[in-house]
Amino acid sequence: MVGPSIIFYIFFAVPYIFLMYWLVKQDKKKYVWGLAIVTVIAVIGIIVSLKASKVAIENYKQHQIDAREIERENQLDSLK
């Protein structure tokens, strides 16, 4: 899990931080553009996170069901 995290930081997080710093420095209207972009990206991030969490929970539940079925099959095979 370390590899994907490092790749994420190198290609997305670090450039994003530099872009936001540059954008805020360029904005003379009390950082309106910076705040607007951060807000939009935060909302998109929350939506993506919620969808990913929902999928992960569904996958986990299905994995539990599959594991129980395999366990039952193994128990029936051992009784034969």
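The values are calculated or read from the model by the stated rules, or taken from the named source; none is laboratory data. The shown structure was predicted, so the numbers you read here are calculated from the model rather than taken from an experiment. Cβ placement follows ideal geometry from the backbone for every residue including glycine, while neighbour counts extend to all protein chains displayed. The area values use the complete protein model at the heavy-atom level, side chains included, leaving out ligands, DNA and RNA. Shrake-Rupley method; radii C 1.70, N 1.55, O 1.52, S 1.80 Å.
When GLN75, GLN64 are checked against the criterion of being open to solvent by less than 80 Å² (accessible area, probe 1.4 Å) and of a type in the set (S, T, N, Q), GLN64 stands alone in meeting it. Cβ-Cβ contacts under 7 Å between residues 6 or more apart (or on different chains), taken from a first residue in the range 41-63 that is without any contact (Cβ under 8 Å) to a residue 60 or more places away in the chain to a second residue that is open to solvent by less than 90 Å² (accessible area, probe 1.4 Å) and not in a helix (DSSP H, G or I), are absent.
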